[in-house]
Amino acid sequence: MNLTEYDISHPYTARVVQTHRITPEDTDEVRHIVLNIDSATFNYLEGQSIGVLVPGPHSFGNEHHMRLYSIANSRQGEDGEFSEISICVRRCFYIDEVSGEKYPGVASNYLCDARPGDEIRIAGPYGRQFMPPKDPSCNILMIGVGTGIAPFRAFLKHIYEERKQWKGQVRLFYGARTGMDLLYMNDKNKDLALYYDQDTFKAVEALSPRPVFDEPADIGRSVEENAEEVWSLLQDSKTHVYVSGLAKMEEQLDKALAKIAGSEETWLMKKGELIEDKRWKTLFYQ
């Protein structure tokens, strides 16, 4: 769905109440931002997104520049405050292919520059296809890279803080360039460590083989190294798979899972089965 197709006719005014960096100074800047929306009349669920409306003027005469951000907290609100939601934002830049000049990403820099008290216009929530299963006996296999961790933070908070007695197995494969880039799993922020004592939860890190050269996280290798457990989960009819992160990771993941399955044909058959049963869900961004 193109961003221009989203309904932004009923925006809300949100106020920044917290913004703090969750990566070290010598790595890419990623911020955990908490917004208060006192006027909100909507409900939201884990896996949904909000649209951030950056005020113009913008190129081509657009009044707003909109970008989607996954909500990083459960339906109960950030730290149990229903009127507050959190998002995870990486300060981005892009290189113009023609001029070679470096430009700041409009929405990410707007958000990373915001300070407590600033007002931000948002719309949504959007998306209802990326939500954890209702049955607590289901297994959940989550695979994410970078800020793709945001919806999984929401999943885990819902499963272990609100549902409390999740019986299925929960696995998180999470990739980043270096250990300190593992959002919500580094020395700056250890949110996910809250769930390590759960009998059903296990997190597996996937780091870049050559971070100095800015090579991406090798999420495929991490999955392959846990082939027996991953394939066992994929054979279970109660396993739901969620993949979130950069769109380019899909090809890498498919190659790894084809290797685990024994052939590309076998994997594509299994993937088709998961999709048909609505147990394979993706949330990709560019």
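The values are calculated or read from the model by the stated rules, or taken from the named source; none is laboratory data. Bear in mind that the values here come from a model prediction, so they are computed numbers and not experimental data. Positions of Cβ are generated from backbone atoms using ideal geometry, with glycine treated the same way; all protein chains shown enter the neighbour counts.
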(message) Against the conditions (1) under 19 Å from the mean Cα position of the chain (by Cα); (2) touching a residue at least 60 places away in the same chain (Cβ under 8 Å), where does Cys138 fall short? Just the number, please.
(response) (1)
(message) Are there strands (runs of 3 or more DSSP E) fully within segment 1-113 with at least 2 residues that are aliphatic (A, V, I, L, M) and in contact (Cβ under 8 Å) with a residue 24 or more places away in the chain? List them.
(response) 12-21, 30-36, 49-55, 64-70, 84-90
(request) List every residue pair whose Cβ atoms lie under 6 Å apart, where the two residues are 6 or more positions apart in sequence or sit on different chains, the first residue falls within segment 146-159 and is on the phi < 0 side of the Ramachandran plot and touching a residue at least 12 places away in the same chain (Cβ under 8 Å), and the second residue, located anywhere, is in a helix (DSSP H, G or I) and surrounded by fewer than 24 Cβ atoms within 10 Å (Cβ to Cβ). (result) Leu156/Tyr195
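Conditions tested, residue by residue: (1) small (Gly, Ala, Ser); (2) outside the structural domain of Phe42 (by TED's automatic domain parsing); (3) at pLDDT 90 or above; (4) buried (at least 19 other Cβ atoms within 10 Å of the Cβ).
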position: Ser70; (1), (2), (3), (4): yes, no, yes, yes
position: Glu78; (1), (2), (3), (4): no, no, yes, yes
position: Ser99; (1), (2), (3), (4): yes, no, no, no
position: Lys102; (1), (2), (3), (4): no, no, no, no
position: Gly117; (1), (2), (3), (4): yes, no, yes, no
position: Arg153; (1), (2), (3), (4): no, yes, yes, yes
position: His158; (1), (2), (3), (4): no, yes, yes, yes
position: Glu162; (1), (2), (3), (4): no, yes, no, no
(request) Quick one: which residue in Glu265, Glu273 is modelled with pLDDT of 75 or more, touching a Lys or Arg at 6+ places or on another chain (Cβ under 9 Å) and part of a helix (DSSP H, G or I)? (result) Glu273
(request) Being acidic (Asp, Glu), over 23 Å from Gln169 (Cβ atoms) and in a helix (DSSP H, G or I) narrows it down to one of Glu224, Glu251, so name that one. (result) Glu251
(request) Take segment 12-42 and flag every residue that is at pLDDT below 90 and more than 24 Å from Leu192 (Cβ to Cβ). (result) Asp38, Ser39, Ala40, Thr41, Phe42
(message) Give all pairs with beta carbons closer than 7 Å in which a residue from segment 232-250 that is among the basic types (Lys, Arg) meets a residue that is in a strand (DSSP E or B) and modelled with pLDDT of 90 or more; count only pairs at least 6 apart in sequence or on separate chains.
(response) Lys238/Asn139
(request) Go through segment 238-261 and give me each residue that's β-branched (Val, Ile, Thr) and on the phi > 0 side of the Ramachandran plot. (result) none
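State yes or no: is Ile120 in contact (Cβ under 8 Å) with a residue 12 or more places away in the chain and over 18 Å from the mean Cα position of the chain (by Cα)?
yes
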(request) Out of the residues in segment 38-68 that are of a type in the set (S, T, N, Q) and either closer than 22 Å to Cys112 by Cβ or within 19 Å of the chain's Cα centre (by Cα) (or both), state the one that is surrounded by the fewest Cβ atoms within 10 Å (Cβ to Cβ). (result) Ser59
